[in-house]
Amino acid sequence: MRRGFLLVLIVLLATSCTDGRSDRDTAPDVPATTQTADAADDRAERREEREGMVASQIQDRGVDDPAVLAAMRAVQRHRFVPDGFADQAYRDHPLPIGYGQTISQPYIVALMSSMLGVSAGDRVLEVGTGSGYQAAVLAEMDLVVFTIEIVPELADRASHVLSDLGYGTVTTREGDGYLGWEEEGPFRAIIVTAAPDHVPQPLVRQLAPDGRMVIPIGPVGAVQTLWMFSTDESGALLAQNLGSVRFVPLTRRE
Ligand code: SAH
């Protein structure tokens with residue numbers, strides 16, 4: 001176990017490209033539309049690309065949770081990226097999704113999903129829907145997914161893509177995820193895919209006993225630390241450092 005975490009840490013530090021700003025800044029702006037091909041159009045070559053992605057980017061870096069690997073093989077990532085980016089969808093880096101935001105690197109999606117400590121049927125909250133890809137991965141893991149996005153256009157687009165692809169069990173909402181989703185809590189796990197500079201206390205309060213939260217924390221414009229918070233029997237919060245990452249910042253509604 002310790003060796004596994006050490007490996008994860010080394011990989012995270014070695015792959016400076018994790019999620020975000022550096023890639024976002026260099027990537028061209030993108031059209032605000034998504035792939036419109038038929039939902040059944042998951043050609044053999046895309047499936048092969050996914051197999052390769054899972055083997056070389058995810059398993060080789062130590063993620064071995066069967067539910068996560070199966071989900072990463074199943075979700076058509078190329079359907080969640082903007083027009084013109086489908087051929088890059090299975091590469092080892094984040095991609096721009098418009099509005100200055102990014103879809104995370106596949107490895108980071110897999111790592112965060114594997115750290116949630118969840119089982120089929122658990123309720124999970126995602127803060128930062130973005131493209132909807134991470135939510136689809138969680139849905140493929142048979143989780144009951146609630147996801148919040150602060151950019152209305154992205155929330156709208158993600159909810160259409162998710163329903164087009166049959167992820168009807170994902171509940172999406174536009175709003176400020178810093179505040180969580182109190183009416184639907186408590187959650188067995190919370191995954192935050194944008195970086196605040198401190199732990200949002202509303203999210204801590206919405207964690208179920210024994211729940212886990214995976215969240216990047218750090219100042220805007222700097223490398224952040226990916227944390228996994230869990231609670232012990234007394235309810236105290238335990239923190240585990242999962243390494244260095246780069247996410248877009250968590251923004252707040254005025
Ligand atoms: N999980 C996404 C990628 C996240 S990018 C995917 O799979 O594609 C981070 C997202 O968090 C962006 O879309 C950004 O608009 C959103 N975000 C930033 N601050 C937020 C907040 N306070 N509440 C909800 N979403 C937020």
Quiz item: Got the relative contact order for the range 42-245 handy, in percent, Cα pairs under 8 Å and 6 or more residues apart?
Solution: 14
Quiz prompt | Cα-based Kirkwood hydrodynamic radius, the range 42-245, one decimal, Å | solution = 16.9
Practice problem: Sum up the charges of everything whose Cβ sits under 9 Å from the Cβ of residue 75, counting Lys and Arg as +1 and Asp and Glu as -1, but leave residue 75 out. | Solution: +3
Quiz prompt | Hull volume in cubic angstrom per residue (convex hull over the Cα atoms of the range 186-234) | solution = 68
Quiz item: Ignoring ligands, DNA and RNA, how do 184, 51, 233 rank by accessible area with a 1.4 Å probe, largest first?
Solution: 233, 51, 184
Quiz item: What is the sum of charges around residue 178, taking Lys and Arg as +1, Asp and Glu as -1, for the other residues whose C-beta is under 10 Å from the C-beta of residue 178?
Solution: +1
Quiz item: Which of the listed residues, 117, 97, 129, is farthest toward the dipole's positive end in the range 42-245, when Lys, Arg count +1 and Asp, Glu count -1 at the beta-carbon?
Solution: 97
Exercise. May I ask for the net charge around residue 66, where only other residues with Cβ less than 13 Å from the Cβ of residue 66 are counted and Lys, Arg are +1 while Asp, Glu are -1?
Key: -3
Quiz prompt | Karplus-derived HN-Hα couplings along the range 188-200 (A = 6.51, B = -1.76, C = 1.60, θ = phi - 60°), whole Hz, x at Gly and Pro | solution = 5, 8, 10, 10, 10, 10, 9, 9, x, 9, 7, 6, x
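The values are calculated or read from the model by the stated rules, or taken from the named source; none is laboratory data. Just so you know, these numbers come straight off a predicted model, no measurement behind them. All Cβ positions, glycine included, derive from the backbone under ideal geometry; neighbour counts span all protein chains shown. What goes into the accessible areas is simple: the full protein's heavy atoms, side chains included, and nothing from ligands, DNA or RNA. Shrake-Rupley method; radii C 1.70, N 1.55, O 1.52, S 1.80 Å.
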